[in-house]
Amino acid sequence: IDPNRFGAGFEGRLGEYLKTMRSLPGNVKVAGDPEKQYEDDAERNGVILHGPVAATLKALAERFGVEAPRELQDVDSSKSKKSLYAK
């Protein structure tokens, strides 16, 4: 989307609107704020993997003879979905 199609100065007006919304009392978030927070947290701390996803990643590493990351060492790979390994 080309912001200029919304009229001259649209980006500035939108920026002011977002600044106003974020300065309201309480924990006001605008579209994209939670995603940006999650992205920043993932950059600092890594991504969150749900148990079945972690188990599947470890099982794939075992299947292909690749060393799993140390963070997956305690994950039970038998909890992965077996249908992914149909031959």
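The values are calculated or read from the model by the stated rules, or taken from the named source; none is laboratory data. Not measured: the values here are computed from a predicted model. No Cβ is skipped: glycine too gets one built from the backbone with ideal geometry, and neighbour counts run over all protein chains shown. These area figures cover heavy atoms from the full protein model, side chains too; ligands, DNA and RNA do not enter into them. Shrake-Rupley method; radii C 1.70, N 1.55, O 1.52, S 1.80 Å.
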### Task
Keeping to the stretch 41-59, report how many residues are without any contact (Cβ under 8 Å) to a residue 24 or more places away in the chain and open to solvent by 60 Å² or more (accessible area, probe 1.4 Å).
9
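Each row is one residue, and each column tells you yes or no for (1) of a type in the set (Phe, Trp, Tyr); (2) modelled with pLDDT under 95; (3) over 26 Å from the mean Cα position of the chain (by Cα).
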| position | (1), (2), (3) |
| --- | --- |
| 7 | no, yes, yes |
| 11 | no, yes, yes |
| 25 | no, no, yes |
| 58 | no, yes, no |
| 61 | no, yes, no |
| 68 | no, yes, no |
| 78 | no, yes, no |
### Message
List pairs: first residue in the stretch 61-84 and in contact (Cβ under 8 Å) with a residue 24 or more places away in the chain and among the small types (Gly, Ala, Ser), second residue loosely packed, with under 13 Cβ neighbours inside 10 Å and outside any loop (DSSP other than H, G, I, E, B) anywhere in the structure, Cβ distance under 8 angstrom, at least six positions apart or on different chains.
### Response
80/52
### Task
Would you point out which residue out of 16, 62, 11 is surrounded by 10 or more Cβ atoms within 10 Å (Cβ to Cβ), among the charged types (D, E, K, R) and in contact with a Ser or Thr (Cβ under 7 Å, 6 or more places away or on another chain)?
62
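Residue 30: among the β-branched types (Val, Ile, Thr), surrounded by 10 or more Cβ atoms within 10 Å (Cβ to Cβ), closer than 30 Å to residue 4 by Cβ and out of contact with any strand residue (DSSP E or B) (no Cβ under 8 Å at 6 or more places or on another chain), yes or no?
On the way: among the β-branched types (Val, Ile, Thr): yes; surrounded by 10 or more Cβ atoms within 10 Å (Cβ to Cβ): yes; closer than 30 Å to residue 4 by Cβ: yes; out of contact with any strand residue (DSSP E or B) (no Cβ under 8 Å at 6 or more places or on another chain): yes.
So residue 30 fits the description; yes.
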